[in-house]
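Student: The structure is given below, and queries will be raised subsequently.
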Amino acid sequence: MAELKFDHIYKRFAENVAAVTDFNLDISDEEFIVFVGPSGCGKSTTLRMIAGLEEITEGSLYIDGDYVNDTPPKNRDIAMVFQNYALYPHMDVFDNIAFGLKLRKFKKEDIKARVKNASHILGLDDYLQRKPKALSGGQRQRVALGRAIVRNPKAFLMDEPLSNLDAKLRVQMRSEIIKLHHRLKTTTIYVTHDQTEAMTMASRIVVMKDGYIQQIGKPRQVYLYPENTFVGGFIGSPSMNFLEGTIRNQHFWFNEHVPLKIPEKRFHDLRQYDGKTITLGIRPEDLHEEQAFLDKMQKSKVNVMIDIAEITGSEAVLYTNIGNQEIRAVVNPWRNISQGDQLELGFDMRKAHFFNPDTGVRIKLAN
Amino acid sequence: MAELKFDHIYKRFAENVAAVTDFNLDISDEEFIVFVGPSGCGKSTTLRMIAGLEEITEGSLYIDGDYVNDTPPKNRDIAMVFQNYALYPHMDVFDNIAFGLKLRKFKKEDIKARVKNASHILGLDDYLQRKPKALSGGQRQRVALGRAIVRNPKAFLMDEPLSNLDAKLRVQMRSEIIKLHHRLKTTTIYVTHDQTEAMTMASRIVVMKDGYIQQIGKPRQVYLYPENTFVGGFIGSPSMNFLEGTIRNQHFWFNEHVPLKIPEKRFHDLRQYDGKTITLGIRPEDLHEEQAFLDKMQKSKVNVMIDIAEITGSEAVLYTNIGNQEIRAVVNPWRNISQGDQLELGFDMRKAHFFNPDTGVRIKLAN
Amino acid sequence: MGEAFWNPVFVSLRVVVVASILSFLLALIVAWFLKKRRFKGKVFVETFLMLPLVLPPTVIGFGLLVIFGRNSWIGSWFEQLFGQPIVFTYLAAVIAASIVAFPLVFQMLVNGFEAVDEELEAAARQMGAGECKVFIYVTLPLAWRSVISGYMLGFARALGEFGATLMFAGSIFGVTQTMPTSIYIAVESGNTEMAYYWVISIVIFAFALL
Amino acid sequence: MGEAFWNPVFVSLRVVVVASILSFLLALIVAWFLKKRRFKGKVFVETFLMLPLVLPPTVIGFGLLVIFGRNSWIGSWFEQLFGQPIVFTYLAAVIAASIVAFPLVFQMLVNGFEAVDEELEAAARQMGAGECKVFIYVTLPLAWRSVISGYMLGFARALGEFGATLMFAGSIFGVTQTMPTSIYIAVESGNTEMAYYWVISIVIFAFALL
């Protein structure tokens, strides 16, 4: 159980190659923190700095109040789960799980009891004598987890632990890791490029890009109030739609013919942008094709032609173009909308966001 | 443009190691067929048999009516997109795309025109002089597609072409491949382990397991009427829920206390199972926690405690246990249901499926 | 430094250039042939081809004497045809150098060809290439580094060859007396200064090769 | 087959067993040391260590004579200390065999250690292992095949050594006359039968090694 504090941490690999810039974060005990961002955003590098596998170029890292920049990895009492599991092919499952305990010179009976307990929790009892080669992807993943939990460390670090599993198994292991955290309550830092994992697993999300933190917050908060266009576009699937346009006369104009009306209350804070260009962001599920919505929101609808209608089973995604921008809408499935259909799409302008087109920062509106 | 016919095709790698068993399928011109199944199900092997990269052990393969079992790959006029793209690191993008044409001794101007056309369609105009190493994952994927379309072949074969891309890019390339197919209309066979890709891209899905075809059908058909428990569980995310129980008295009993009422019309065909064990399958989106549904369907609800509530943004997945079975329900997000909450879950028994518990085959009911 | 220094240098170069090209081409053909086929006894053939790598040079020299010597049928056939035996000729030096260089080149090429991603070759087949075109356009360019270093290694090994050459080709000044042999003779006869010159030129050359 | 046959066999084994273990241990230490560190001139050091691989054996023999000869300071210091020179002793044969075997073993070990997934080593560090334990429990067992074949290659190379040994250790019967040297002398003196026996035993041995 541990608290972590990142104080103005920088990582540079060579002169002028910054991987992480001015990283500041306080992590409380028992939190499940997810670092999420595209590849090269610095999330894995930050994780490896916590483990001690990368040196910290500048700034201070504290674990439970202790300054640990210079503590070698073996003395940090933190367990890491590696992306490729890093299992030892020359050891069986038991020895893989027990390795960390043996290194720390635990007693034999103690090791046995701990491994047995971990293997029980993870459903590995029948595989303790097998070599990693003889395991499935999901079982290997479990062994890697077992190796981490058996040590009862101060914190878990997980580096894209599910990225080598297929889609089905990923969903299953996701819920197993969440259950494990409910059970052990060990502070966990989890790195992923998959926004779905971030949204479903995190108690708090840290969105990163190009080595900079973009936003820190609870999943719901990050989803509903993205700090900027990057976060808005990165979190949520299908992605948030963005449209360039102008604010005029309490309407958003993305061309001369089809204005979208902005609700009174929200427009109040947008007055200063009157006549200026602005970026509108709206989530695919806030576009509607149901007649009931269209009747209610007469002043914020657009005629479109459907390019693609993807039906995933429980929902359908419509792809269309508005002003040379691809726009995605999530609607009810089995309505039999198909390619080439013409229909009206209503914008739920109560849920739309507005961003400064130069900086990409969201303009805060009263709701 | 081509039609393909698989006539009792078998593939064995060694004595008694069967990769594909009795594969029968007719593919019409312009179809987009997706082979989907877990790893090791024989889908890639089948694809490589079409390309001529694997020999057919038994049975006959016809392309446009011609028997092609013994035709070497170079004479089959079929273009394949490989999982790892198989781009040549020593050639730039132009030469990679042009390679197939050069091998077939096309004229220089003709090659130039075709590559230009393909690079224009795929948005690669600015990258023709680059080596593959200097491209992003999505661009490499496009070059691999370009290499296929430039030859204007009889058919495209695609072997998990999106599996090396991150989640965001996968969704984007998915829609680009669909658009490409709308445009070129070339018969396409696409292999994936991702049921979402199968559901969203296919004109027909072929679900495979352990070398056997499990079901062939349109996405909607496969989703709504799975032939057996494997297809039901594999297609759709989160997975279909399965419950073991007994039919008694027009009710499904998974324990002695909480029966679920089966609608009159549907029960008619289940009479012969009265008193016998049976497997019930129901999709997560057919479980409901809204008061309106619960009021309407008084006789098919269960009290549960929530283990996990995953909120992905546009939907929430609840995990719970009923009779030692993990049950998943998809509900509206932002209802603030969380771990430990007690609530009632209503089963929409009009949409439930019943399977023979021994064979796993679905029992066909009047709807 | 006159004739006495330069003559062995030129003899060395004449032998090594021919021997390295010979063993390289042979290794290229054999490696390609073995890559494509699967047959019984393939492992035995490969082991046999690698044998000169672990055998002492004197054993190889002995073997060459047995196969090409004046008493063997190849040797006597050659002597009848050209009026002179093979042993103690320029040709003998080339053969000895080629034999010792071959397994190094061969191993490098085999490793290089095996490291080429099979999917890249499959893709070429699929795009319309026959086996020969696959080799020329895909396998060979992708294994380029191994091909180059294979040739270089063969060159270095042929240049350094001493034992087998001494036994099979002797050390006849102007014909088969290469630099390594000259160094041995110079040291034995106490002519340390000459040995120094040859050693220095070879060391410089070796550094350049590595 | 009496003394005349067996004596060189035993001399060979006495030299090779010691030389192969010596070069193996040295290569192990150097490879581990170089693996962990990054410093200026590392490439130069590595190239220097590989030099004996491409140099002719006579050049190595010459170099050994220069370094350990009676006129060098190491040589004369040794002679003062033990009352005899290094050259033409059992020790000289061991040194020559070790030097030629070293680069082969070294290269095999370096390749083997480099092929070990760095994440596996990082994981061990992370689980509480110091550098030494990482090497013993992770790197070494995972590079096992390279370690074994490195030793075998070194053994084979030491066994086959001829040129450098001949120059630096001579061929004194019962002391430094190894099998390869004996074959050379036997052939030169026309004693082909004896040479055959040695050749056959070495070929059998080499096949077993491969």
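Student: Taking residue D:153 as the residue in question, decide whether it is at pLDDT below 95, more than 30 Å from residue C:192 (Cβ to Cβ), open to solvent by 10 Å² or more (accessible area, probe 1.4 Å) and among the aliphatic types (A, V, I, L, M).
Tutor: When the stated conditions are applied, residue D:153 passes them.
Student: Return the residues of the range C:52-83 that are of a type in the set (A, V, I, L, M, F, W, C) and surrounded by 19 or more Cβ atoms within 10 Å (Cβ to Cβ); say none if nothing qualifies.
Tutor: Selection gives C:53, C:54, C:55, C:59, C:60, C:62, C:64, C:65, C:68, C:78.
Student: With the structure loaded, tell me whether residue D:153 is within 14 Å of chain C (Cβ to nearest Cβ) and in contact (Cβ under 8 Å) with a residue 60 or more places away in the chain or whether it fails that test.
Tutor: Taking the combined requirement at face value, the residue does not satisfy it.
Student: Restricting the search to the range A:241-252, which residues are closer than 20 Å to residue A:359 by Cα and either open to solvent by less than 30 Å² (accessible area, probe 1.4 Å) or free of Cβ contacts under 8 Å to residues at least 24 places away in the same chain (or both)?
Tutor: A:241, A:243, A:245, A:247, A:252
Student: So residue B:280 ticks every box in (1) open to solvent by 40 Å² or more (accessible area, probe 1.4 Å); (2) in the same structural domain as residue B:358 (by the TED database) but one. Which box is left unticked?
Tutor: (1)
Student: Let me ask something additional. Out of the residues in the range B:27-53 that are over 13 Å from residue B:188 (Cα atoms) and open to solvent by 50 Å² or more (accessible area, probe 1.4 Å), state the one that is farthest from the other protein chains (Cβ to nearest Cβ).
Tutor: My answer is B:40.
Yes or no, residue by residue, for (1) in a loop (DSSP other than H, G, I, E, B); (2) in contact (Cβ under 8 Å) with a residue 60 or more places away in the chain; (3) of a type in the set (Asp, Glu):
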{"residue": "C:165", "(1), (2), (3)": "no, yes, no"}
{"residue": "C:175", "(1), (2), (3)": "yes, yes, no"}
{"residue": "C:187", "(1), (2), (3)": "no, no, no"}
{"residue": "C:190", "(1), (2), (3)": "yes, no, no"}
{"residue": "C:194", "(1), (2), (3)": "no, yes, no"}
{"residue": "C:203", "(1), (2), (3)": "no, no, no"}
{"residue": "C:208", "(1), (2), (3)": "no, no, no"}
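Student: Yes or no: residue B:216 under 15 Å from residue B:37 (Cα atoms) and open to solvent by 20 Å² or more (accessible area, probe 1.4 Å)?
Tutor: The answer is yes for residue B:216.
Student: Would you mind finding the one in B:183, B:147 that is surrounded by fewer than 20 Cβ atoms within 10 Å (Cβ to Cβ), in a helix (DSSP H, G or I) and of a type in the set (D, E, K, R)?
Tutor: When all the criteria are applied, what remains is B:183.
Student: Okay, moving on. Looking at A:197, A:227, can you tell me which residue is closer than 30 Å to residue A:147 by Cβ and touching a residue at least 24 places away in the same chain (Cβ under 8 Å)?
Tutor: Criteria check complete, one pass: A:197.
Student: State which residue is farthest from residue B:2 (Cα to Cα) when the search covers only the range B:182-193 and only residues that are at the interface with chain A (Cβ under 10 Å from one of its Cβ atoms) and in contact (Cβ under 8 Å) with a residue 24 or more places away in the chain.
Tutor: B:193
Student: Inspect all residues belonging to the range A:156-163 and state whether any of them is within 22 Å of residue D:126 (Cβ to Cβ), within 14 Å of chain B (Cβ to nearest Cβ) and crowded, with 20+ Cβ neighbours inside 10 Å.
Tutor: Yes, some residue in the range A:156-163 is within 22 Å of residue D:126 (Cβ to Cβ), within 14 Å of chain B (Cβ to nearest Cβ) and crowded, with 20+ Cβ neighbours inside 10 Å.
Student: Say whether the condition of being open to solvent by less than 20 Å² (accessible area, probe 1.4 Å), within 19 Å of residue C:32 (Cβ to Cβ), within 11 Å of chain D (Cβ to nearest Cβ) and not small (Gly, Ala, Ser) is met by at least one residue in the range C:84-106.
Tutor: There is at least one residue in the range C:84-106 that is open to solvent by less than 20 Å² (accessible area, probe 1.4 Å), within 19 Å of residue C:32 (Cβ to Cβ), within 11 Å of chain D (Cβ to nearest Cβ) and not small (Gly, Ala, Ser).
Student: Being under 31 Å from the mean Cα position of the chain (by Cα) and at the interface with chain C (Cβ under 7 Å from one of its Cβ atoms) is the filter here; which residues of the range B:97-107 pass it?
Tutor: B:100
Student: Sticking with this one: Could you grab me the full set of residues in the range B:313-348 that are open to solvent by less than 30 Å² (accessible area, probe 1.4 Å), farther than 16 Å from residue B:281 by Cβ and in a loop (DSSP other than H, G, I, E, B)?
Tutor: Answer for the range B:313-348, where residues must be open to solvent by less than 30 Å² (accessible area, probe 1.4 Å), farther than 16 Å from residue B:281 by Cβ and in a loop (DSSP other than H, G, I, E, B): B:313, B:333, B:337.
Student: Being facing chain B (nearest Cβ under 9 Å), more than 26 Å from the chain's Cα centre (by Cα) and either at negative phi or touching a residue at least 24 places away in the same chain (Cβ under 8 Å) (or both) is the filter here; which residues of the range A:315-345 pass it?
Tutor: Of everything in the range A:315-345, those that are facing chain B (nearest Cβ under 9 Å), more than 26 Å from the chain's Cα centre (by Cα) and either at negative phi or touching a residue at least 24 places away in the same chain (Cβ under 8 Å) (or both) turn out to be A:333, A:339.
Student: How do the strands (runs of 3 or more DSSP E) wholly within the range B:194-252 filter down when requiring 1 or more residues that are closer than 26 Å to residue B:324 by Cα and more than 9 Å from chain A (Cβ to nearest Cβ): which remain?
Tutor: It comes to B:241-248.
Student: Next question, about the same structure. Scan the range A:284-301 residue by residue and report those that are open to solvent by 10 Å² or more (accessible area, probe 1.4 Å), in contact (Cβ under 8 Å) with a residue 24 or more places away in the chain and of a type in the set (A, V, I, L, M, F, W, C).
Tutor: A:293, A:297
Student: Within the range B:80-96, take every residue that is more than 7 Å from chain C (Cβ to nearest Cβ) and outside any loop (DSSP other than H, G, I, E, B) and give me the one that is farthest from residue B:133 (Cα to Cα).
Tutor: Applying the filter and picking the extreme gives B:81.
Student: Let me ask something else. Quick one: is residue B:229 within 11 Å of the chain's Cα centre (by Cα) and open to solvent by 10 Å² or more (accessible area, probe 1.4 Å)?
Tutor: So residue B:229 fails the test.
Student: Residues of the range B:193-215 being of a type in the set (Lys, Arg) and farther than 20 Å from residue A:165 by Cβ, which ones?
Tutor: B:204
Student: Taking the range B:256-274 as the search range and keeping residues that are open to solvent by 50 Å² or more (accessible area, probe 1.4 Å) and in contact with a strand residue (DSSP E or B) (Cβ under 8 Å, 6 or more places away or on another chain), which one is farthest from residue B:328 (Cα to Cα)?
Tutor: B:274
Student: Can I ask one more? Among residues belonging to the range C:189-202 that are open to solvent by 40 Å² or more (accessible area, probe 1.4 Å) and facing another protein chain (nearest Cβ under 9 Å), point out the one that is farthest from the chain's Cα centre (by Cα).
Tutor: Ranking the candidates gives C:192 first.
Student: Regarding residue C:166, is this residue at the interface with chain D (Cβ under 9 Å from one of its Cβ atoms) and closer than 14 Å to residue C:16 by Cβ?
Tutor: no
The values are calculated or read from the model by the stated rules, or taken from the named source; none is laboratory data. This structure is a prediction, so every number in the text was calculated from the model and none was measured. Every residue, glycine as well, gets a Cβ built from its backbone with ideal geometry; the counts of neighbours run over all protein chains shown. Note: accessible area is taken over every heavy atom of the protein model, side chains too, but ligands, DNA and RNA are not part of it. Shrake-Rupley method; radii C 1.70, N 1.55, O 1.52, S 1.80 Å.
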